[in-house]
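Asks: A single structure is presented below for examination.
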Amino acid sequence: MSKIFSKFATVIADLSGKPATFVAAVALVLVWAVSGPFFGYSETWQLVINTSTTIITFLMVFVLQNSQNRDGKALQAKLDELILTSQAQNKFVGIEKLDEQELRDMSKTLAEKAECVEEVADEKAEAGR
């Protein structure tokens, strides 16, 4: 069931991101708007667009979230592979599972290390002149 939904979500996410899909949606809204006078701008006429857009939006949340989750996991796996095959510290593998505070602390530590590395590089550049 999961594989079927993943394939479905991928196809729908790809289709929903195409310019032609956007143009089709705009065309449908325009057709709906132009049809207003024919239906006397009735409550039913308004209900059609409200209900349609609400249902589509509700379903798209799940489809797009599924696609985004898989993309994020795939990207994380690729980054983990790069970390493991490089001279980077293996402690970074799996950090996406840390809580918010732990990630902030690690980010702060890395920023401080980057600042130190930058200072050393600047000093070496000055000495080389």
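The values are calculated or read from the model by the stated rules, or taken from the named source; none is laboratory data. In this text, all values refer to a predicted model and were calculated from it rather than measured experimentally. Positions of Cβ are backbone-derived with ideal geometry, glycine not excepted, and every protein chain shown enters the neighbour counts. These area figures cover heavy atoms from the full protein model, side chains too; ligands, DNA and RNA do not enter into them. Shrake-Rupley method; radii C 1.70, N 1.55, O 1.52, S 1.80 Å.
Asks: Helix 19-34 against the longest principal axis of the chain: what's the angle in degrees, Cα atoms only, rounded to the nearest 10?
Replies: Around 30 degrees separate the two axes.
Asks: Moving on. What does the extension gain come out to for Leu59 and Thr10, with contour length at 0.36 nm per residue minus their alpha carbon separation? Spell out each step's value before the answer.
Replies: Values: separation 49, 0.36 × 49 = 17.64 nm, distance 1.37 nm.
Result: 16.3 nm gained on full extension.
Asks: Tell me which label goes with the value of Kirkwood radius over Cα pairs in Å computed from the coordinates here: [x] 14.9; [y] 20.0; [z] 20.5.
Replies: [y]
Asks: Helix 43-84 versus the longest principal axis of the chain: what is the Cα-based angle in degrees, 0 to 90, to the nearest 10?
Replies: Compared with the principal axis, the helix lies near 20 degrees.
Asks: Rounded to the nearest 500, what is the chain's calculated 222 nm mean residue ellipticity when only DSSP H runs of at least 4 contribute -39500 (n - 2.57) each, over all residues?
Replies: Numbers: 4 runs with 102 residues, N = 129.
So the calculated ellipticity at 222 nm is -28000 deg cm²/dmol.
Asks: In debye, nearest 20: dipole of the stretch 68-119 around its Cα centre with unit charges on the Cβ of K, R (+) and D, E (-)?
Replies: Details: 8 positive and 12 negative charges, 60 e Å.
Charge dipole of the stretch 68-119: 300 debye, to the nearest 20.
Asks: While we're on this one: Quick check on packing: order 32-41, 6-15 by the mean number of other C-beta atoms within 10 Å, highest mean leading. Spell out each step's value before the answer.
Replies: Working: 32-41: 11.2, 6-15: 14.1.
Output ranking for 32-41, 6-15: 6-15, 32-41.
Asks: I would also like to ask the following. Dipole of the chain (Lys/Arg Cβ +1, Asp/Glu Cβ -1, origin at the Cα centre): which of Met106, Phe39, Ile95 lies farthest to the positive side?
Replies: Phe39
Asks: State the percentage of accessible surface on the chain attributable to carbon and sulfur atoms; use a 1.4 Å probe and exclude ligands, DNA and RNA. Each step should come with its number before you reach the end.
Replies: Working: 7040 of 10660 Å².
That share works out to 66 percent.
Asks: Round to the nearest 10 and give me the degree value, 0 to 90, for the angle of helix 2-16's Cα axis relative to the longest principal axis of the chain.
Replies: Between helix and principal axis, roughly 80 degrees.
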